[in-house]
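Below is one structure, written out as structure tokens, with a few remarks after it.
Since every read-out is calculated from the coordinates, none of them should be taken as a lab result. Predicted model only: the values in this text are computed from it and were never measured. FYI the Cβ positions are ideal-geometry reconstructions off the backbone, even for glycines, and counts take in every protein chain you see.
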Amino acid sequence: MFVGVLDFCMRFHGRQLLPALSVMAIVLTIAFTLVYPETTWRITTLSVYQATLNFATAWVLFRHGDAFSRRAFLAAATVALLQGLSALAQAGLVSTSSLQFDYGAPQLPIANTISWAGSLLSAVVGNSILMLLIMLRLVAELSAAAERDVLTGLLNRRGMRKKFDDLLAPHYESKDTIGVLLLDIDEFKKINDRYGHEVGDQVIATFGRVLLEMDVSKTSVSRWGGEEFCVVAEATTSRSLIELAESIRLQFVLSTAALPGLPHGCTVSIGAAMNHSPATLDVQGLLARADAQLYLAKRKGRNRVMMAASDHGGKDLTAAVQP
């Protein structure tokens, strides 16, 4: 069970652990049956061995449980802890008694009662909780998959909407400014028509890699739909947001130029908008402003970053970072 829990919690343990634990149990059993046939020590030693594994199992469940199903992990850890305590209690009662024992220590009904209670706890409660953990893990994985784009590995529109919900939550106390980038691959339909959808998918996947490899903290990226992407940057400034957008724009050209048939690479147009007051965050308004700048970048010739004048100190101009 201990090794299975390690696997379930995705903790590395090496291939030798399970055989080693099995061999140890076999050696202890043989030693106290053939070499030193003493029932008291056999029961005590194997009970302590079992208690140790139970305590280790409880610790792994408590320490490395999924946040999605934290309560179930705590319940499973409690069951494993109680199993360990029952095995330890049996070992203590047997080792401190002056009676001579047969196998199973029938002379100590309390010890047997504790042992049976531990077994019942494992069979009825422990197994049920482990099944619940497996189901919760599957639900969590399906939920995570539903929020990810298959082609790029980025958040999809649903996943990014959840990120916006987190920013709007009452417990969100950050006083940092928030910036949004809407990015659209230029003339993507022509790429599909000329080179085929397979190349188009490679272009999309390449853009996904460019966004995933950004070395910027507090940044969330998503495939907003089709060839359009969205970046949400917390703790940023207007200047930092434009620099980030420019870095993405330039890197995308370089990365797609390495694809077969695209020696000059592909370009992307980017619209940027800032929200300077998280306490009054207007997600729809922020996205609308970024989308308007994206549309303006397309009209002005594509392959550029545009940000509204209001995000640059109220100047009656539109800032543009030209290629």
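Going by average Cβ neighbours within 10 Å, how do the peptides 250-259, 54-63 rank, with the highest at the top? Don't skip to the answer; put the middle values down first.
On the way: 250-259: 16.4, 54-63: 19.5.
So the peptides 250-259, 54-63, ranked by packing, come out 54-63, 250-259.
Sort the stretch 245-301 into rounded, prolate or oblate with this rule: let a ≥ b ≥ c be the square roots of the eigenvalues of the Cα gyration tensor; rounded if a/c is under 1.5, and if a/c is not under 1.5, prolate when a/b is larger than b/c, oblate otherwise. Because a/c hits 1.5 or more and a/b exceeds b/c, the stretch 245-301 counts as prolate.
In this structure, the amide hydrogen of Ala257, modeled 1.01 Å from its nitrogen in the peptide plane, lies closer than 5 angstrom to those of Gly265, Cys266, counting only residues at least 5 positions away or on a different chain. Along the stretch 198-204 the Karplus relation, 6.51 cos²θ - 1.76 cosθ + 1.60 evaluated at θ = phi - 60°, assigns HN-Hα couplings of 5, 5, x, 5, 5, 5, 4 Hz to successive residues, with x for each Gly and Pro. Each residue of the stretch 79-95 was assigned a 3J(HN,Hα) from its phi angle through the Karplus expression (A = 6.51, B = -1.76, C = 1.60, θ = phi - 60°), giving 4, 4, 5, 5, 4, x, 5, 5, 5, 5, 5, 4, 4, x, 5, 5, 6 Hz with x at Gly and Pro.
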